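Have a look at the structure below before the remarks.
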Amino acid sequence: MSVLRKLAGQTAIYGVSSIVARFLNYLLTPLYTSRGVFAPAAFGVITSLYSWTAFLNVVLTYGMETAFFRFANKHDGNSRIYATAAYLLAATSTVFMLLGLLFANSIAAGIGYPEHAFSVRLLVAIIGIEAMTAVPMASLRLKNRPWKFAAINVISVLVNVVLNLFIFMYCKPLFDSGSPNAIVHAVYSPAIGVGYVFLINLISSGLKFLLLLAEWPSPRLGKTEAGFDTSLLRPMLAFSLPLLVAGLAGMTNETADRLLMKHLLPANIADAQIGIYGACYKLAMLITLFIQAFRFAAEPFFFSHAKEKDSRQTFARIMNIFVAVCMSAFLLVMLFLDAFKWFIPNPAYWPGLVVVPVLMLANVFLGIYYNQSVWYKLSDRTRVGSTISIIGAIITLVLLFWWIPVFGYLGAAWATFICYSSMAVISYVWGQKHYPVPYNVKRVLGYMAAGVFLWWGCEQLPLAGVLKYALRALVFVAFGAWAWWLEKQPMSRAGR
């Protein structure tokens, strides 16, 4: 029991720290989208450039973090494995940064932002440094040092947030008002523009790297106990490189929409559409944050309970509760979207709110897929996950090329929905053949249908003011009470 408590405690620390860090970054959206900070087109540049980081982070880490975990556990944490993984990533990241800095102008022009070569240089450095920190951060997890892991994550993000507030809430307003002081003159130039977002990120990433310096292994070459071991390169790369394919497929599903909009829409509206879409996408993140928290807690739970007598019934009931919570989040946002839209304080972004329900439901299906992934993990069929991700990527790309030129960002949102719902269906059908879990499909779909219907019904009622919000609050509470009543039933009855 003490081992399980320790695991649960560490899982909570890792999960909460990662979610807090992500939430703090999430809160920068109201700042960036405020009047006088970034117009939709400028925010579109930020959104598009950051979308490239998702792909390049997968490429630059090429599954080495997972390979490190695998080989370290296999060889009782041999320090040569740590040194080999850490310095291999450091070497490839250094080469990437040198080439990226050297050809930044060409890269910027190639991705459609020739006027933002400075931001591209900063982004190259950010991606390289973050890749270098991947294995040292993984080492902290392997050594059961969750508090240092959490502290480094949170400190890095806090520095990012504080510097953003300093630049965009202190320096920029003073400069724009025509009354800058000596500090503003020293640190702020309007010519840098969106580059400040990446410059601040580089500072926070650099701080993270410095905080990890004490964790770096010995660079000694050869087969010494602590040094880099060339004989480990081949087996570690053979294990890690296939993960690169799956990672790229997953990133295609997550970020290809924002990347392709730049090239599939007319040049005069592309950046504005990306900015509007990227800002409104953040409103769907409430479900994403819950999914991330769930994954931190659920994966160790699934593995530790897999051999218990009623484990599959338990997994099925977890799915019920998971979807009920996700649809509660959906209703919370959609019933009170008039309030949530002020998270994006500039009305120029509000036409994109039409994508919010589509993206929220898409993320519910993504969560269902992650929940179902227990079947191929517990049955040692991990290649299935890669296959489903690749199928999803193909669906995504076909629909994006088809729908973005016709429907703009709304087409991108529906492509995301079709991709994630297809992945969930494929995983369910495939899983029932190899590792059948008695999911209550009627109840899961019932929660989803009820949530959508209740939202739609409230939208049809011609109410306003206090009465409107009182009714919506009552609907939200009623849905939660109904789901709670169903799920509190004994497992034998709840599973039917």
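The values are calculated or read from the model by the stated rules, or taken from the named source; none is laboratory data. Note that the structure is a prediction, hence the values are computed from the model and not measured. Neighbour counts are summed over all protein chains in view; Cβ atoms, including those assigned to glycine, are modelled from backbone coordinates with ideal geometry.
When restricted to residues that are of a type in the set (Phe, Trp, Tyr) and within 21 Å of the chain's Cα centre (by Cα), the range 374-419 contains 3.
Specify the residue that is nearest to LEU102 (Cα to Cα); the eligible residues are those in the range 141-169 that are of a type outside the set (Gly, Ala, Ser) and modelled with pLDDT under 85. Don't jump to the end; show me each part of the working.
Initially, the range 141-169 is screened for residues of a type outside the set (Gly, Ala, Ser), giving 141-149, 152-155, 157-169.
Of the ones still in play, those that are also modelled with pLDDT under 85 are 141-147, 149.
Working: ARG141: 35, LEU142: 36, LYS143: 38, ASN144: 40, ARG145: 38, PRO146: 38, TRP147: 38, PHE149: 33 Å.
So, considering only residues that are of a type outside the set (Gly, Ala, Ser) and modelled with pLDDT under 85, the one nearest to LEU102 (Cα to Cα) is PHE149.
Let's see how each residue does on (1) modelled with pLDDT of 90 or more; (2) not charged (D, E, K, R):
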site: LEU260; (1), (2): yes, yes
site: ASN268; (1), (2): yes, yes
site: TYR281; (1), (2): yes, yes
site: PHE290; (1), (2): no, yes
site: PHE296; (1), (2): no, yes
site: ALA316; (1), (2): no, yes
site: VAL323; (1), (2): yes, yes
site: PHE330; (1), (2): yes, yes
site: LYS341; (1), (2): yes, no
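Taking the criterion of being surrounded by 14 or more Cβ atoms within 10 Å (Cβ to Cβ), out of contact with any Lys or Arg (no Cβ under 7 Å at 6 or more places or on another chain) and not in a helix (DSSP H, G or I), the residues of the range 158-194 that qualify are PRO180, ILE192, GLY193, VAL194.
Only residues that are surrounded by fewer than 18 Cβ atoms within 10 Å (Cβ to Cβ) and under 24 Å from ALA483 (Cβ atoms) were counted across the range 429-439, and they come to 1.
For beta carbons closer than 9 Å, sequence separation of 6+ or different chains, a first residue in the range 374-394 that is at pLDDT 80 or above and a second that is in a loop (DSSP other than H, G, I, E, B) and aliphatic (A, V, I, L, M), the qualifying pairs are TRP375/VAL437. Scanning the range 21-65 for residues that are among the hydroxyl-bearing types (Ser, Thr, Tyr) and closer than 21 Å to ALA249 by Cβ gives SER48, TYR50, SER51, THR53, THR61, TYR62. Just one of the listed residues (ALA67, ALA12) is outside any loop (DSSP other than H, G, I, E, B) and at pLDDT 75 or above, namely ALA67. For ALA86, the requirement of being modelled with pLDDT of 80 or more and out of contact with any helix residue (DSSP H, G or I) (no Cβ under 6 Å at 6 or more places or on another chain) is not met. Being at pLDDT below 85, part of a helix (DSSP H, G or I) and within 15 Å of the chain's Cα centre (by Cα) is a condition met by at least one residue of the range 37-54.
For (1) within 23 Å of GLY250 (Cβ to Cβ); (2) in contact with a helix residue (DSSP H, G or I) (Cβ under 9 Å, 6 or more places away or on another chain); (3) basic (Lys, Arg), each residue gets a yes or a no:
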{"residue": "LEU399", "(1), (2), (3)": "yes, yes, no"}
{"residue": "LYS433", "(1), (2), (3)": "no, no, yes"}
{"residue": "PRO436", "(1), (2), (3)": "no, yes, no"}
{"residue": "LEU454", "(1), (2), (3)": "no, yes, no"}
{"residue": "LEU461", "(1), (2), (3)": "no, yes, no"}
{"residue": "LEU467", "(1), (2), (3)": "no, no, no"}
{"residue": "ALA470", "(1), (2), (3)": "no, no, no"}
{"residue": "ALA473", "(1), (2), (3)": "no, yes, no"}
